[in-house]
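I have placed the structure first, in the form of structure tokens, so that the comments after it can refer back to it.
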Amino acid sequence: MENSKISSYQLFTFIVIFVIGTTVIFPLASDAKQAAWISILLGMFLGLPLLIIYGYLNRQYPDLLLTEYCKKILGKYIGTIIGILYILFFLYGASRDLRDIMELTPFFLEGTPISAVGIVFMLPILYGLYLGIEVICRTVEIFLYPYYSRGF
């Protein structure tokens, strides 16, 4: 495995783009109607500690993967189980996002096979995975730069 390093800032931008990824497609708190802002604030405040914990752990264990420092912190067996659960959680989220895009895009592109949409969306993802996490994080920084330069 390649020894890749990302900064805490890159981890932050990576998590931001991960969270924003599906919220662009699906309306936030659509069932809440006029109280949607409360749902958004509640979700933000409940998710913020998790973001802080991820950043802290990334700074404490810069040379280890998330699954590796789970083993170091929680022990071999519990850490392995938690690591596997993390992998399954992110795999489920990614596959669900891909399936949602595959279902929604043919609505705009009539006559397009759903498998073609999946292939078109998977090719840049696979290429990014081939290049590594550092390249993906640098790309995310480029995408988020216009927002940071304006001060959000």
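The values are calculated or read from the model by the stated rules, or taken from the named source; none is laboratory data. It should be emphasised that the depicted structure is a prediction, and the values quoted were computed from it without experimental measurement. In this analysis, Cβ positions are derived from the backbone assuming ideal geometry, glycine residues included, and neighbour counts consider all displayed protein chains. The accessibility values were calculated without ligands, DNA or RNA, using every heavy atom of the protein model including side chains. Shrake-Rupley method; radii C 1.70, N 1.55, O 1.52, S 1.80 Å.
Give me a comma-separated list of calculated 3J(HN,Hα) values for the range 65-70, in order, Karplus coefficients 6.51, -1.76, 1.60 applied at θ = phi - 60°, integers in Hz, x for any Gly or Pro.
After applying 6.51 cos²θ - 1.76 cosθ + 1.60, I find 6, 4, 5, 6, 7, 5 Hz.
Net charge within 13 Å of Glu103 by Cβ-Cβ distance, Lys/Arg positive one each and Asp/Glu negative one each, not counting Glu103 itself?
Here the count lands on 0.
Per residue, how much accessible area does the range 34-152 show when a 1.4 Å probe rolls over the protein heavy atoms, in square angstrom?
Here the per-residue accessible area is 77 Å².
Taking Cα atoms of the range 57-152, Rg/Rh with Kirkwood Rh, to two decimals?
Value, to two decimals: 1.09.
Could you give the length gained by full extension between Leu88 and Ser8, i.e. 0.36 nm per residue of separation minus their alpha carbon distance, to one decimal place?
In short, 26.4 nm is gained.
With a 1.4 Å probe and all protein chains kept in place, how much accessible area does Val19 have, in Å² rounded to the nearest 10?
Probe radius 1.4 Å; accessible area of Val19 about 90 Å².
Pop out the carbon and sulfur fraction of the accessible area of the range 50-152 as a percent, whole number, probe 1.4 Å.
C and S fraction of accessible area: 71 percent.
Which value in nm describes the separation of the simple spin-label points at Phe143 and Ser39, placed 7 Å from the Cα toward the beta carbon?
Each label point lies 7 Å from its Cα, and together they span 2.4 nm.
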